[in-house]
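Each remark here refers to the structure printed beneath this line.
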Amino acid sequence: MATNFRELIEIPIGPWVESGVDWVRDNLAGPLDGFAAGVGFLADGLESLLLVLPDWILAPLIIAFAWWRVGWRFGLFALIAMFLIAAMGLWRETMQTLALVIGASIIALAAGLPLGIAMARRDGVATVIRPVLDFMQTMPPFVYLIPAAIFFGLGKVPGTIATVIFAMPPAVRLTNLGIRQVSQENVEAGLAFGCTSRQLLYKVQIPLAMPSIMAGINQTIMLALSMVVIASMIGAGGLGNTVLTGIQRLDVGLGFEGGLGVVFLAILLDRMTQSFGLRRRRD
Amino acid sequence: MSAKITVENLYKVFGPDPDEGMRLLEQGLDKGAIFEKTGNTVGVRDASFSIEEGEIFVVMGLSGSGKSTIVRMLNRLIDATAGRVLIDDRDVNALSRNELIELRRRDMSMVFQSFALMPHKTVLQNAAFGLEVAGVDQETREERANKAIEQVGLKANARSYPDELSGGMQQRVGLARALAVDPSIMLMDEAFSALDPLIRTEMQDELVALQREHRRTIVFISHDLDEAMRIGDRIGIMEGGSVVQVGTPEEIVSNPANEYVRSFFYGVDVTRVYNAADIADRRQVTVLERPGVSMRSALERLYAGSRDLAVVLDRDQKYLGTVTAESLAAQIDGAGEPRYADAFVTDVEPVDATTPLAEVVARSASNRLPLPVIDEQGLYVGSITRAAVLRTLDRSGE
Ligand SMILES: Nc1ncnc2c1ncn2[C@@H]1O[C@H](COP(=O)(O)OP(=O)(O)OP(=O)(O)O)[C@@H](O)[C@H]1O
Ligand SMILES: [Mg+2]
């Protein structure tokens, strides 16, 4: 009797994945490089945009935005958060993280929203995409770091790409769900008044699915933030680096400061993006 | 009158294999058996009828009888499995995609049970929806939408959002949206079913009033008989996907095609279906007032027939008055030249032919003499006895 199942049957899933990765790297180097260059351009551009403005200009802008979108209490919270971040000396890292989150979210939404729409309109697309999304969401996020690092090396580009993959599913799912949940009679109303299928999408389905779509966008941004911290392990930089350094040096204080910066950023992003999900009136 | 919409042998089978369903229908299987055997649902089965230009045609039937399916085949929100729908003699099923969109934009609009308004648009923008879709420029469409909003009495709310309005007001917006495109046909699927009873009758009356202003062909779905009677020029009754009877409310009430149709009218308030002319008869003695025919001979006719009442008409059948044997005798025996006019009983007022039965009932209760019925020219139509009223009322409780 074999004591170990593996001695009887050995399916080399690990090696297969490795050789697949090798093949991609050898044969698709050109497209991969082009893609990496595009992502790099976006990530660098956003980062320098946020860093070129001094904190005494950017912070008031963020505070004013928080006040306008949510309310004066939240504006006050933003003021305190900005002050503490600057006082901890983490302004630069926070902006780097913010740039990564924004860059990854833009890419995730640019791909995710159309994909969600396609899923809603064609059952066939939905059948194919749904298991892929399940896979993407249940895989532990660290796993994405490995292929991202293999294909794109270390730095912001693989960090952004791993983040995109991790953060995209909610935008796809909730867009699909939102459109499918538009009531039958509303769709019929659109058609009965002579909508073409494009008009139906833009004038009826998307507007009525908007609360759900906005919830998906919010979740994608929040996931992007959590992944960006993890992605600092492959050199994405930002607040994740601060936390990582804290862990490596067993420096509780530094780790906590980095963590606090992430929490502030999370609360600010969450409330401000949610404020767009509520229907605006009388404008 | 010409047919605006003609439905010919229309079928709809839902499910995995509609053709199989059609084959079994041909073999004479019924809806239940076909579903059991194949999982296909027969929505509409061999429906044929036509709807005249300018009439309100009510489709009535129990839940699941195929009402929604049949109206949706008129504008092809649902594609028919077999049969034809002709609108102005054009076969809807044969239209190309673009022709169909054109037809929906120009000729037909729809009002929904759940209102189906766009929550992110104002009342005005909602009313302008059909025009917006058709590519009408903003200024024109707002002008036309404003007019429609005014027609339904919502002018003050043009800038409100739907969720700021009551259900009745929301459906007015739905109605305005349908009116704004100025269609010749309006399809209304249980349009008033979600409204509470008071608002509901108000909307029904309003629809009839709008129809008086500008006649359109309206296909109105309802499962409420009172509603059907109130607004319908004609009613089509559906049972299990088939149209079992088409006719005016009176025709259907007085001559139901089968038990199913009869069951609909069980307990129906006939006082709203019938009017005075429907139950008047000409069995009363009538006498003509003309020179040379003496009142005495009239009295003798009454005695001979042991009747005690006569209706007096002029030569053109115009109603003059009612006399009783008593009043005739008193007049003949009295002093001076006897005249019919002096013998008329004063407590009998003629009723108009179009008076609803409900009102007739009230009047006959306070008057023991038969009520004469006259038409709009004042001509005698017949009389209504209390017995006739009671007989009609009794029939509704069968
Ligand atoms: N899309 C569909 N797929 C399968 N079956 C359907 C579909 N739409 C309707 N049916 C079936 O067709 C039949 C007729 O439905 P329809 O909606 O026309 O009834 P209805 O008279 O409008 O009923 P209600 O008063 O409940 O609205 C029902 O048995 C229904 O279950
Ligand atoms: Mg229905």
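Where Rh is the Kirkwood radius over the Cα pairs of the range B:273-395, the temperature 10 °C and the viscosity 1.306 mPa s, what D in µm²/s does Stokes-Einstein return? Mind showing how you got there, number by number?
On the way: Rh = 14.9 Å.
Value of D from the Cα-based Kirkwood radius: 107 µm²/s.
Roughly how many whole Å is it from the C-alpha centroid of the range A:40-65 to that of the range A:238-260?
Comparing the Cα centres of the range A:40-65 and the range A:238-260, I get a distance of 23 Å.
Considering only protein heavy atoms, what per residue accessible area in square angstrom results for the range A:88-277 with a 1.4 angstrom probe?
In whole numbers, the range A:88-277 has 41 Å² accessible per residue.
For chain B, modelled as a GNM with alpha-carbon contacts under 10 angstrom, which of B:195, B:313, B:86 fluctuates the most?
Result: B:313 has the largest fluctuation of those listed.
Under 19 Å between C-alpha atoms is the cut-off here; go through the protein assembly as shown and count lysine pairs that meet it, provided they're at least eight residues apart or on different chains.
Lysine pairs meeting the criterion: 9.
Measure off, as a whole percent, the carbon and sulfur share of the 1.4 Å-probe accessible area of the protein assembly as shown, all protein chains present.
Details: 18560 of 33170 Å².
That fraction is 56 percent.
Please compute how much accessible surface disappears when A pairs with B, both sides summed, using a 1.4 Å probe, and round it to the nearest 100 Å².
Buried surface at the A/B interface: approximately 2200 Å².
Taking a 1.4 Å probe, which of A:105, B:306, A:197 shows the most accessible area, and what order do the others take after it?
B:306, A:197, A:105
How big is the charge dipole of the protein assembly as shown about its Cα centre, in debye rounded to the nearest 20, if each Lys and Arg gets +1 on its Cβ and each Asp and Glu gets -1 on its Cβ?
1380
Classify chain A: rounded, prolate or oblate, from the alpha-carbon gyration tensor (a ≥ b ≥ c, eigenvalue square roots; a/c under 1.5 rounded; otherwise prolate if a/b is larger than b/c)?
oblate
Given a 1.4 angstrom probe, what's the average accessible area per residue across the range B:273-395, in square angstrom?
Result: 55 Å² per residue.
Could you check the spin-label model distance between residue A:248 and residue B:79? Points 7 Å from the Cα along Cα→Cβ, value in nm.
6.4
Distance in nm between label sites at residue B:150 and residue B:344, each 7 Å beyond Cα in the beta-carbon direction?
Using points 7 Å along Cα→Cβ, the separation is 4.7 nm.
Based on the mean of other Cβ atoms within 10 Å per residue, sort peptides B:165-177, A:243-255, A:219-231 so the most packed one is first.
A:219-231, B:165-177, A:243-255
Of B:233, B:375, which has the most accessible area with a 1.4 Å probe, and how do the rest follow in descending order?
If we order B:233, B:375 from most to least accessible, we get B:233, B:375.
Using the beta-carbon distance between residue B:333 and residue B:393 and R0 = 30 Å, what value does 1/(1 + (r/R0)^6) give for FRET efficiency, to the nearest 0.05?
0.15
Counting other C-beta atoms within 10 Å, and keeping those with at most 16, which DSSP coil trypsin sites (Lys or Arg not before Pro) do you find in the range A:110-200?
A:122
With each run of n ≥ 4 DSSP H residues scored as -39500 (n - 2.57), what mean residue ellipticity at 222 nm is computed for chain B after dividing by its residue count and rounding to the nearest 500 deg cm²/dmol?
Helix-only estimate at 222 nm: -11000 deg cm²/dmol.
Please average, across the residues of A:182-189, the number of beta carbons from any other chain that are within 10 Å of each residue's own beta carbon, and give a whole number.
Partner Cβ neighbours, averaged per residue: 6.
Once you order the gyration tensor axes a ≥ b ≥ c over the Cα atoms, which shape class does the range A:208-278 get: rounded for a/c under 1.5, otherwise prolate or oblate by comparing a/b with b/c?
prolate
Which of B:228, B:358, B:298 moves the most in a Gaussian network model of chain B with Cα springs under 10 Å?
B:298
Of the residues A:176, A:241, A:27, which exhibits the maximal mean-square fluctuation in a Gaussian network model of chain A defined by a 10 Å Cα contact cut-off?
A:27
Summarise the partner chain shielding of B:102-115 as one whole number: the mean count of Cβ atoms from other chains within 10 Å of each residue's Cβ. Kindly include the intermediate steps, with their values, before the conclusion.
Values: counts 1, 1, 5, 4, 1, 1, 3, 4, 6, 2, 7, 1, 5, 3.
Per residue, the number of nearby Cβ atoms from other chains is 3 on average.
R0 = 45 Å: FRET efficiency of residue B:62 with residue B:315, Cβ-based, nearest 0.05?
0.25
For chain A, what is the mean residue ellipticity at 222 nm derived from helices alone (per DSSP H run of n ≥ 4: -39500 (n - 2.57); sum divided by total residues; nearest 500 deg cm²/dmol)?
-27000 deg cm²/dmol
Distance between Cα centroids, the range B:8-70 to the range A:140-155: provide it in whole Å.
59
Under a 1.4 Å probe, what is the accessible area of the range B:1-97 per residue, stated in Å²?
Numbers: 4360 Å² over 97 residues.
Roughly 45 Å² per residue, with all protein chains present.
Assuming R0 = 60 Å, can you tell me the calculated FRET efficiency for the pair residue A:233 and residue B:182, based on Cβ-Cβ distance, to the nearest 0.05? Walk me through the numbers before you get to the answer.
On the way: r = 66 Å, r/R0 = 1.10.
The value I calculate is 0.35.
Mind putting a number on the dipole of chain B about its Cα centre? Charges go on the C-beta only, +1 for Lys and Arg and -1 for Asp and Glu, and I need it in Debye to the nearest 20.
Here chain B has a charge dipole of around 120 debye.
The values are calculated or read from the model by the stated rules, or taken from the named source; none is laboratory data. Since the model is a prediction, treat every value here as computed from it, not as a measurement. In this analysis, Cβ positions are derived from the backbone assuming ideal geometry, glycine residues included, and neighbour counts consider all displayed protein chains. The protein model used for the area step is the full one, side chains on, heavy atoms only, and it has no ligands, DNA or RNA in it. Shrake-Rupley method; radii C 1.70, N 1.55, O 1.52, S 1.80 Å.
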